[in-house]
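The values are calculated or read from the model by the stated rules, or taken from the named source; none is laboratory data. Predicted, not measured: the structure shown is a model, and the values here were computed from it. Glycine gets a Cβ as well: all are built from the backbone with ideal geometry, and neighbour counts include every protein chain shown.
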Amino acid sequence: MFTSPILISVPTKDLKRAYSFYKDGLGLSLSFPKSDGSMPEPVQFDLTTGARLMVVPTGGFSWVLSGNAVAAENVSECVIGVTASSNGEVDALIAKAKAAGGRIASAPEQKPWGYSASFADLDGHLWLVVKPHTPS
């Protein structure tokens, strides 16, 4: 079992743009903010107590991949899933993503597993937001 936070790393073509999307657009908190308010390096955002998102410039991402290629644009090898506490929270996060320039992949709707929607960030990374179905 892991005792330290899980770090999810995603490549970006434009670090400043991705930084603004996650910080200003989605309202994520920086894991290690700088006292002067400038963009930290590395750029990491808190997702939950046990998970962080690190945004890495595509050119510098290759050291992590050990010879593997970065996925082509519009190819999703991984979906970042987050749970919401209400249908309204799903709707709000999808609205924030859209307002920040993200692409809505699937509009909010009730599914057998819960109320869910998905969006792609500015680099095409897919996010699933779901309010899980609560059995009666």
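I want to confirm something. Restricting to region 108-136 and keeping residues that are at pLDDT below 95 and among the hydroxyl-bearing types (S, T, Y), which single residue is farthest from T48 (Cα to Cα)?
S136
What pairs come out if I take residues in region 88-114 that are over 11 Å from V129 (Cβ atoms) and pair them with residues that are part of a helix (DSSP H, G or I) and not charged (D, E, K, R) whose C-beta lies under 6 Å away, six or more apart or interchain?
Going by the 6 Å Cβ cut-off, the qualifying pairs are A100/F21; A100/G25.
Could you list, in sequence order, the residues of region 29-62 that are aromatic (F, W, Y) and more than 23 Å from F2 (Cα to Cα)?
Hit for region 29-62 is F61, nothing else.
For region 36-69, give me each residue that is in contact with a helix residue (DSSP H, G or I) (Cβ under 6 Å, 6 or more places away or on another chain) and closer than 16 Å to S9 by Cβ. Working first, answer last.
Within region 36-69, the first condition is being in contact with a helix residue (DSSP H, G or I) (Cβ under 6 Å, 6 or more places away or on another chain), and the residues that meet it are 39, 43, 45, 55, 57.
Residues satisfying the conditions are V43, F45, V55, P57.
Mind telling me which of the residues T12, T58, T48 ends up being under 30 Å from P132 (Cα atoms), in contact with a Pro (Cβ under 7 Å, 6 or more places away or on another chain) and not aliphatic (A, V, I, L, M)?
Step by step, each of T12, T58, T48 is checked, and only T12 is under 30 Å from P132 (Cα atoms), in contact with a Pro (Cβ under 7 Å, 6 or more places away or on another chain) and not aliphatic (A, V, I, L, M).
Got a number for residues in region 68-107 being in contact with a Ser or Thr (Cβ under 7 Å, 6 or more places away or on another chain), modelled with pLDDT of 95 or more and either part of a helix (DSSP H, G or I) or of a type in the set (A, V, I, L, M, F, W, C) (or both)?
Going through region 68-107 one residue at a time, the tally reaches 2.
So which of S85, S76 is hydroxyl-bearing (S, T, Y) and under 24 Å from P42 (Cα atoms)? Before the answer, list the steps.
Details: S85 fails: under 24 Å from P42 (Cα atoms).
Only one candidate qualifies: S76.
What strands (runs of 3 or more DSSP E) completely inside region 1-67 contain at least 1 residues that are touching a residue at least 60 places away in the same chain (Cβ under 8 Å) and surrounded by 13 or more Cβ atoms within 10 Å (Cβ to Cβ)?
6-12
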